Amino acid sequence: MGPLVAKRIEEARFQMCPVYQMIRLEFQIGQHPPSKKNSMKYGRGKVYKDEKLVAFEKELSEFASTLMDIKSYELSSAPFQVTIEVGFPDRRRRDVHNCHASVLDALEGVVWYDDKQVVDLRIHLNTEIWCSYTKITINELHEN
C-alpha cells in the first residue's frame, strides 16, 4: 500500500467519523416568525412574551431538536452561517429584519449554545408566493 492510498484511507476515516461531522440542516415550517420587537409585553416590572411568539419558538425548537437527534448532531460551539427565507400571507409591508430574533432564540440551546455564534446571517423575503412559511438553512463553519 503506497502513501497516496494510505492518505485516501485516512481521509475516508475522517469523513466517516461522527466526531468531525459538521452540522448542516435545512427545514421549513408552515408559519412566518412573529416579530420579537412587537411581541414583548411589559407589566408589573416584568417582560412577558406573547403567546404566538412562545408557540412559534416552541414549535421551531422541538422540530430542530428532532432533526438534530435524527442526524446524531450534538450542540456545537463553532461559528454558524444561517439563511432564513420568509413568506407572509399578505402584501402588507414588513420589516424583514424583525424576523430573525425569534428564529435565532428558538434554536439557542438546540443547535448552538448562544446566538452570537451566528457570524453570517442572511434573510430573504419571498414576494412571489403569498403564503406563510419560514425556511431555515444552517451550516456549521470551520473554526480557524
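The values are calculated or read from the model by the stated rules, or taken from the named source; none is laboratory data. Note that this is a predicted model, so its numbers are computed, not measured. Here the Cβ positions follow ideal geometry from the backbone for every residue, glycine too, while neighbour counts run over all protein chains shown.
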Mind checking which pairs have a first residue in the stretch 90-105 that is at pLDDT 80 or above and a second that is part of a helix (DSSP H, G or I), Cβ under 7 Å, 6 or more apart or different chains? Ser102/Leu53; Ser102/Phe56; Ser102/Glu57; Val103/Leu60; Leu104/Asp115; Asp105/Glu57; Asp105/Asp115
Just to be sure I understand, how many residues within the stretch 21-39 are more than 17 Å from Val111 (Cβ to Cβ), touching a helix residue (DSSP H, G or I) at 6+ places or on another chain (Cβ under 8 Å) and either modelled with pLDDT under 70 or not charged (D, E, K, R) (or both)? 6
Taking into account only those residues within the stretch 107-140 that are among the hydroxyl-bearing types (Ser, Thr, Tyr) and farther than 25 Å from Asp69 by Cβ, which is surrounded by the fewest Cβ atoms within 10 Å (Cβ to Cβ)? Thr127
Select from the stretch 119-144 the residues that are assigned to a strand (DSSP E or B) and touching a residue at least 60 places away in the same chain (Cβ under 8 Å) and write down the one among them that is nearest to Glu74 (Cα to Cα). Glu140
Test set (1) of a type outside the set (Phe, Trp, Tyr); (2) at negative phi; (3) surrounded by fewer than 17 Cβ atoms within 10 Å (Cβ to Cβ) - Cys99 fails condition number: (3)
For the stretch 106-118, what are the residues that are outside any helix (DSSP H, G or I) and touching a residue at least 40 places away in the same chain (Cβ under 8 Å)? Gly109, Val110, Val111
Can you spot a residue in the stretch 46-66 that is at pLDDT 85 or above and in a loop (DSSP other than H, G, I, E, B)? no
